[in-house]
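The next block holds one structure in the form of structure tokens; read it before the comments.
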Amino acid sequence: MLIIRCAKCKSKIMKYNKVGHGSILKCYFNRIEKKFVNTESDLRCTCGNKIGIKKDQYYKMIGKSFIYSGKIN
Ligand SMILES: [Zn+2]
């Protein structure tokens, strides 16, 4: 499980269950364990930093706008 945080203010954005190695380019909705921000559209931190762009089944993650910690399953 990964904790994804805003790169600017370090707020928690979501818990994500990533499968496979490599960088985080997409976050699929069905693997999001918990979302700490309240959004129905693009993924945006409370500080205003845009983290991801909403697509049909995933967020297209914006590199350098987030950091993460935790283990990749
Ligand atoms: Zn932020």
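The values are calculated or read from the model by the stated rules, or taken from the named source; none is laboratory data. All figures in this text were calculated on a predicted structure; none of them were measured in a lab. As a convention, Cβ positions derive from the backbone with ideal geometry for all residues, glycine included, and neighbour counts pool all protein chains shown. Surface accessibility is based on the protein's heavy atoms, side chains included, excluding ligands, DNA and RNA. Shrake-Rupley method; radii C 1.70, N 1.55, O 1.52, S 1.80 Å.
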Task: Unpartnered cysteines - no second Cys beta carbon under 4.7 Å - across the chain - done: Cys27
Open item on the list: With a 1.4 Å probe and all protein chains kept in place, how do Phe66, Phe36 rank by accessible area, largest first?
Closed with: Phe36, Phe66
- [ ] For the chain, report the accessible area per residue in Å² (1.4 Å probe, heavy atoms, rounded to an integer).
- [x] 65
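If R₀ is 25 angstrom, what is the calculated FRET efficiency for the pair Thr46 and Asn17, using the beta carbon separation as r and rounding to 0.05? Can you show the working numbers first?
Values: r = 23 Å, r/R0 = 0.92.
That gives a FRET efficiency of 0.60.
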TODO: Would you work out if the stretch 2-70 is rounded, prolate or oblate? Take a ≥ b ≥ c from the square roots of the eigenvalues of the alpha-carbon gyration tensor; rounded if a/c is under 1.5, else prolate when a/b is larger than b/c, oblate otherwise.
DONE: rounded
Task: Label-point gap, in nm, between Lys26 and Ile62 - each point 7 angstrom along Cα→Cβ - done: 2.0
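Over the chain, what percent of the accessible surface lies on carbon and sulfur atoms, probe 1.4 Å? It would help to have the intermediate numbers written out before the result.
Working: 2230 of 4720 Å².
The value for the chain is 47 percent carbon and sulfur by accessible area.
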Open item on the list: Give me a comma-separated list of calculated 3J(HN,Hα) values for the stretch 30-45, in order, Karplus coefficients 6.51, -1.76, 1.60 applied at θ = phi - 60°, integers in Hz, x for any Gly or Pro.
Closed with: 6, 10, 7, 7, 7, 10, 9, 10, 9, 8, 10, 10, 4, 7, 9, 6
